[in-house]
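Please read the structure below before turning to the comments.
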Amino acid sequence: LAKTTQPISMDSYEGQEVNITCSHNNIATNDYITWYQQFPSQGPRFIIQGYKTKVTNEVASLFIPADRKSSTLSLPRVSLSDTAVYYCLVGDRRAGTYKYIFGTGTRLKVLA
Amino acid sequence: ETGVTQTPRHLVMGMTNKKSLKCEQHLGHNAMYWYKQSAKKPLELMFVYSLEERVENNSVPSRFSPECPNSSHLFLHLHTLQPEDSALYLCASSQDYSGRGDTQYFGPGTRLTVL
């Protein structure tokens, strides 16, 4: 049973780097870790995905340790518009089926 | 239009009404999803279709009935809903349903209110 655990909320100031860690102790061997961003009353938006080590794109970096039991989303120099809920997502395998289960997410508030 | 679109964006219905939510994806994807998001709760996966075949039915009450006539369209038919069904209903699509971190692209959602 793959379950993700994240801090419920975080506050930061504009221009700071924000790191959000997600715990996924039971991640499957071949599963990827995906992070999404959601603004109020909108659908989630894909941010970044990785399997191991480090992945970087134009908006974020994702750090995954060798045991893959956790991952850290890093947002460099956040702005007010980065205020949103951030979800990490892994798969959940039960009895031969596979499904994606979103956790509670981390509510990030960026302050001026 | 590009991406994933959903109509209507807002819907108010009585408990005895029958209505349908529509989702259309313009990405050439093979998998489509319905999620429910209640206030201050995580997204709950309701249904998954892969190549027009339902592959996941996450213990959803029968008053919600999905339909996937082709890989670009997904419907959610609603009948005799309860007030607790009021929520944001989100549609998503992914290239495939491989079980290896399929990147999902979400629509804007339909805000449903059941009176």
In whole Hz, the Karplus estimates of ³J(HN,Hα) for region B:96-102 (6.51, -1.76, 1.60; θ = phi - 60°; x where Gly or Pro) are 9, 10, 8, x, 10, x, 5
Among the listed pairs A:Lys109/B:Lys19; A:Lys69/B:Lys41; A:Lys69/A:Lys109; A:Lys54/A:Lys99; A:Lys3/A:Lys54, give every one whose C-alpha distance is greater than 29 Å. A:Lys109/B:Lys19
Fraction of antiparallel bridges per DSSP, the protein assembly as shown only, in percent to nearest 5: 90
Shielding score for A:25-35, defined as the mean number of other chain Cβ atoms within 10 Å: 2
Out of the DSSP beta bridges found with both residues in chain A, what percent are antiparallel (nearest 5)? 85
For the protein assembly as shown, can you list the cysteines whose C-beta has no other cysteine C-beta under 4.7 Å from it? B:Cys68
Within region A:1-55, chymotrypsin sites (Phe, Trp or Tyr not before Pro) in DSSP loop having at most 13 other beta-carbon neighbours inside 10 Å: none
Name the residues whose placed amide hydrogens come within less than 5 Å of the amide hydrogen of A:Ile48, ignoring near sequence neighbours (fewer than 5 apart) on the same chain. A:Trp35
Check each of the trypsin sites (Lys or Arg not before Pro) in region B:2-73 and keep only those in coil by DSSP with at most 11 other C-beta atoms within 10 angstrom; list them in order. B:Lys40
Inverse of <1/r> over all distinct C-alpha pairs of chain A, i.e. the Kirkwood Rh in Å, gives 14.2
Shielding of B:100-111 by partners, i.e. mean partner chain Cβ atoms within 10 Å per residue? 5
So, relative contact order of chain A in percent, Cα under 8 Å, 6 or more apart, is 37
Inter-chain shielding of A:41-51 (mean C-beta neighbours from other protein chains, 10 Å cut-off): 5
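Where a number appears in this text, it was derived from the coordinates with a stated rule and is not lab data. This structure is a prediction, so every number in the text was calculated from the model and none was measured. Reconstructed Cβ throughout: ideal geometry from the backbone, glycine too, with neighbour counts over all protein chains shown.
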